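Below: one structure, written as structure tokens.
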Amino acid sequence: MGSTRGGVPRVLRDRNATLALAGVVVSGFGTSAMWLVSGIWVKSLTGSDSLAALTVFAMWAPVLVGPLLGVVADRVRRRPLLIGCQLLLAVLLTALPAVDSADRLWILFGVLVVYGASGVVQDAAEAALVAGAVDRRLLGDFNGLRMTANEGMKLLAPLAGAALYARYGGGPVALLDAATFVLAAGFFALLRVREERPDPGPPGAWRSGLAEGVRRLRGAPAVRPLVLAAAATMLLAGVNGALIHAVVDRGLGHAPPYTGVLYAAQGAGSVVTGLLAGPLLRRLPERVYAGAGIALFAVSVGARALPYDAVVLASAVGVGLGLPCVLVAALTAVQRETPEAALGRTVASAHTLIHVPNAVALAMGAGLVAVVSHTVLLPVAGVAGLLTAGWLLRAAPATDGGAGPGEAGAPATDGPGGAPDSAR
């Protein structure tokens with residue numbers, strides 16, 4: 001995976017990159033556990049599939065104001081911002097043990113919204129902070145390793161979180177997540193970076209900054225098709241995510257904690273994709289790599305409608321293998337094409353364009369699952385995914401940012417690239 005020395009990937013020989021990945025590992029463990037347990041918690045207290053699906057929507061909803069939050073990451077020093085976000089979440093999570101009845105669920109949903117907003121800010125700040133620490137020729141490798149570190153936690157965290165919830169309830173899971181944020185803050189504090197105080201710009205610069213990220217994405221023909229395809233795929237991923245509790249309950253006849261098994265299987269697929277992302281992006285055009293991943297994701301989503309444990313487990317692995325491809329490809333292209341000074345708001349704008357459809361679909365799916373069977377919705381989503389893959393494979397081949405071996409990630413002419421997305 002990339003250049004190695006003594007079996008160690010070159011990117012891991014960088015101290016800052018290693019510390020950033022360590023922070024991803026520990027906070028990703030708590031986040032994966034909390035993300036799963038939130039839905040189980042609400043399902044157990046209310047019996048409602050729709051309300052359970054809305055927990056994920058609450059975490060994704062802040063991407064609606066992603067460009068605004070991204071400007072924050074370009075206007076203040078990024079390392080203190082990252083540390084502050086981690087510690088804020090650690091404090092808020094200590095309030096969740098009080099959620100012991102349906103009438104206190106507002107506390108959980110409120111914390112989840114702040115959780116999501118902090119994640120958007122952290123994504124933008126981390127992308128900009130690590131920009132100077134990672135060779136742009138290794139962005140695909142770094143993004144893949146980050147994906148492996150983050151998604152790999154799904155191999156352990158969902159099962160551990162579900163088991164902890166089944167034995168002790170949601171409170172201990174929230175406290176575990178709080179502890180991981182404190183530890184992650186320590187890793188970010190150890191980063192060796194020299195940050196100048198950002199220039200706040202003239203009066204009104206915040207308003208103009210909101211639009212700059214979108215303008216940069218629109219003006220980059222090598223990036224546009226990838227971002228649009230990622231947005232369409234995340235719309236379908238939102239529908240898929242909103243239906244998971246119905247698949248487990250109505251389709252397979254299992255108790256809610258079984259969702260942890262599916263998330264663990266999906267994490268296994270994502271680990272493999274993360275390890276292969278760098279080498280594949282050096283050998284394939286980005287749109288081909290992303291299109292193949294979307295196609296695999298689409299077939300897997302459609303297969304999830306079948307009422308067989310083995311098929312649904314295999315589909316979870318397929319989703320984990322396929323979905324990250326378009327995200328890694330799109331965000332690597334964004335990082336390669338964006339000057340560092342504007343990277344925070346541009347990454348946040350890309351996140352908004354890509355993830356708003358996911359948030360909308362989670363809310364839409366939460367309502368649809370009450371009136372339309374998941375056995376109808378999932379095949380429709382699969383067909384739509386295959387159409388998206390076909391469109392991307394035909395789109396703008398002359399401006400594709402992908403390259404042959406040894407060329408991917410070469411510096412762009414309009415400024416330095418950045419660090420990988422830290423979607424949580």
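Computed from phi, the 3J(HN,Hα) profile of the stretch 382-388 under the Karplus parametrisation 6.51, -1.76, 1.60 (θ = phi - 60°) reads x, 4, 4, x, 5, 5, 5 Hz, with x in place of Gly and Pro.
Pairs of C-alpha atoms in the stretch 326-400 farther apart than 15 Å represent 70 percent of all such pairs. When its C-alpha radius of gyration is set against 2.2 N^0.38 Å (N residues), the stretch 240-327 gives a value of 1.14. Counting 0.36 nm for each residue step from Val193 to Ala163 and taking away their Cα separation leaves a gain of 6.9 nm. For the stretch 44-175, the Kirkwood estimate of the hydrodynamic radius, built from every pair of different alpha carbons, is 16.8 Å. Per-residue 3J(HN,Hα) values for the stretch 246-258, derived from phi via the Karplus relation 6.51 cos²θ - 1.76 cosθ + 1.60 with θ = phi - 60°, read 5, 4, 5, 7, 7, x, 9, x, 9, 6, x, x, 5 Hz in sequence order (x marks Gly and Pro). Could you give the distance between the Cα centres of the stretch 306-383 and the stretch 244-296, to the whole Å? First find each Cα centre; the distance between them is then 10 Å. Scalar couplings 3J(HN,Hα) for the stretch 217-223, obtained by applying the Karplus form with A = 6.51, B = -1.76, C = 1.60 to θ = phi - 60°, are 5, 5, x, 10, x, 6, 9 Hz; x denotes Gly and Pro.
Ordering 343-352, 293-302, 100-109 by mean Cβ neighbour count within 10 Å, with the highest value first, yields 343-352, 293-302, 100-109. Fully extending the segment from Trp106 to Arg250 would add 49.1 nm, taking 0.36 nm per residue of separation and subtracting the current Cα-Cα distance. The convex hull of the Cα atoms of the stretch 42-105, projected and averaged over all directions, covers 5.4 nm².
Each reported figure results from applying straightforward, stated rules to the coordinates on display, with no laboratory input. Computed from a predicted model, the values in this text were never measured in an experiment. Neighbour counts are summed over all protein chains in view; Cβ atoms, including those assigned to glycine, are modelled from backbone coordinates with ideal geometry.
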